[in-house]
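So the structure is just underneath, and the comments pick up after that.
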Amino acid sequence: MNKEKRLEIFSRLADAIPEPVTELNYNSTFELLIAVVLSAQATDKGVNKATAKLFPIANTPQAIFDLGEEGLKEYIKTIGLYNSKGANIIKLCRKLLDDYQGEVPKTREELESLAGVGRKTANVILNTAFGQPVMAVDTHIFRVSNRTGIAKGKNVLEVEAKLDKYVPKQYKLDAHHLLILHGRYTCIARKPRCASCVIEDLCEFKDKSYV
Ligand code: SF4
């Protein structure tokens with residue numbers, strides 16, 4: 001795929017998605033971090049439902065730590081993998097209190113040192129909370145990048161590296177959410193909605209679906 005085509009794709013996605021932001025609800029960087037940790041292999045909707053009850057009760061590292069693992073699990077038990085997520089969140093809060101004065105750190109290395117925080121979660125925080133033009137390649141971004149031909153790769157690291165290289169400069173900050181939302185609502189996993197896709201004529205996917 002050439003440079004002009006990529007530019008046109010992002011320009012059209014940006015027109016079609018005027019608010020490229022996360023669908024997770026949060027009011028602070030710490031709340032975002034907790035929501036993102038909870039969202040692994042879960043829907044944003046499900047996470048929002050749980051955090052709508054949790055955050056009014058506990059939305060700081062100290063408050064969640066004070067709930068304890070069992071107390072926290074009561075709020076998140078509707079979310080997949082809640083046992084391990086609950087344990088990780090308590091450890092994460094402890095580390096924030098011990099090592100970072102209760103603040104969410106701003107570097108990838110520090111973020112990845114927190115329990116339950118891998119490269120993808122760290123990238124989401126760096127992008128969404130700290131405005132860094134990094135790409136957190138999730139299942140939607142991986143699929144859309146490969147199907148369209150924007151950034152083909154066999155694994156998430158390959159796709160991330162190509163997106164870093166090829167996403168036009170002016171779309172670097174928003175590319176993450178533009179691709180996620182396009183993947184979530186149009187270029188869906190089972191049957192992509194190619195008939196209503198704004199980049200249909202530019203997309204290089206061989207198996208388009210029009211039903
Ligand atoms: S044309 Fe179809 S496969 Fe290509 S990006 Fe659009 S929805 Fe996805």
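If residue 204 meets every condition in (1) farther than 19 Å from residue 39 by Cα; (2) in contact (Cβ under 8 Å) with a residue 24 or more places away in the chain; (3) away from the ligand (no atom under 16 Å from the Cβ) apart from one, which number is that one?
Among (1) farther than 19 Å from residue 39 by Cα; (2) in contact (Cβ under 8 Å) with a residue 24 or more places away in the chain; (3) away from the ligand (no atom under 16 Å from the Cβ), the lone unmet condition for residue 204 is (3).
Has the range 40-59 got at least one residue that is over 16 Å from the mean Cα position of the chain (by Cα) and outside any helix (DSSP H, G or I)?
yes
The conditions are (1) closer than 17 Å to residue 138 by Cβ; (2) surrounded by fewer than 13 Cβ atoms within 10 Å (Cβ to Cβ); (3) of a type in the set (A, V, I, L, M, F, W, C), and residue 211 fails exactly one of them. Which is it?
So residue 211 meets the others, but not (1).
Which numbered condition trips up residue 14, out of (1) at pLDDT 95 or above; (2) of a type in the set (A, V, I, L, M); (3) surrounded by 15 or more Cβ atoms within 10 Å (Cβ to Cβ); (4) over 30 Å from residue 204 (Cβ atoms)?
Among (1) at pLDDT 95 or above; (2) of a type in the set (A, V, I, L, M); (3) surrounded by 15 or more Cβ atoms within 10 Å (Cβ to Cβ); (4) over 30 Å from residue 204 (Cβ atoms), residue 14 violates only (4).
Kindly state which helices (runs of 4 or more DSSP H) lie completely within the range 81-188 and contain at least 2 residues that are touching a Leu at 6+ places or on another chain (Cβ under 8 Å) and closer than 23 Å to residue 20 by Cα.
119-128, 139-148, 172-185
From 173, 163, 179, grab the single residue that is hydrophobic (A, V, I, L, M, F, W, C) and within 11 Å of the ligand (Cβ to nearest atom).
179
Condition (residue is aliphatic (A, V, I, L, M), within 16 Å of the chain's Cα centre (by Cα) and part of a helix (DSSP H, G or I)) applied to the range 7-22: is it met by at least one residue?
No, the range 7-22 has no match at all.
Scan the range 89-120 for residues that are of a type in the set (S, T, N, Q) and modelled with pLDDT under 95 and report the count.
Here the count works out to 0.
Is it the case that the range 96-118 has a residue that's closer than 25 Å to residue 198 by Cβ and under 17 Å from the mean Cα position of the chain (by Cα)?
Within the range 96-118, not a single residue is closer than 25 Å to residue 198 by Cβ and under 17 Å from the mean Cα position of the chain (by Cα).
Could you say which residue among 188, 141 is out of contact with any Asp or Glu (no Cβ under 8 Å at 6 or more places or on another chain), buried (at least 16 other Cβ atoms within 10 Å of the Cβ) and at negative phi?
When all the criteria are applied, what remains is 141.
When you check residue 24 against the structure, is it closer than 19 Å to residue 116 by Cα and of a type in the set (A, V, I, L, M), yes or no?
Answer is yes for this residue.
The values are calculated or read from the model by the stated rules, or taken from the named source; none is laboratory data. These figures come from a predicted structure and were not determined experimentally. Because the Cβ atoms are built from the backbone with ideal geometry, glycine has one as well, and the counts that use them run over all protein chains shown.
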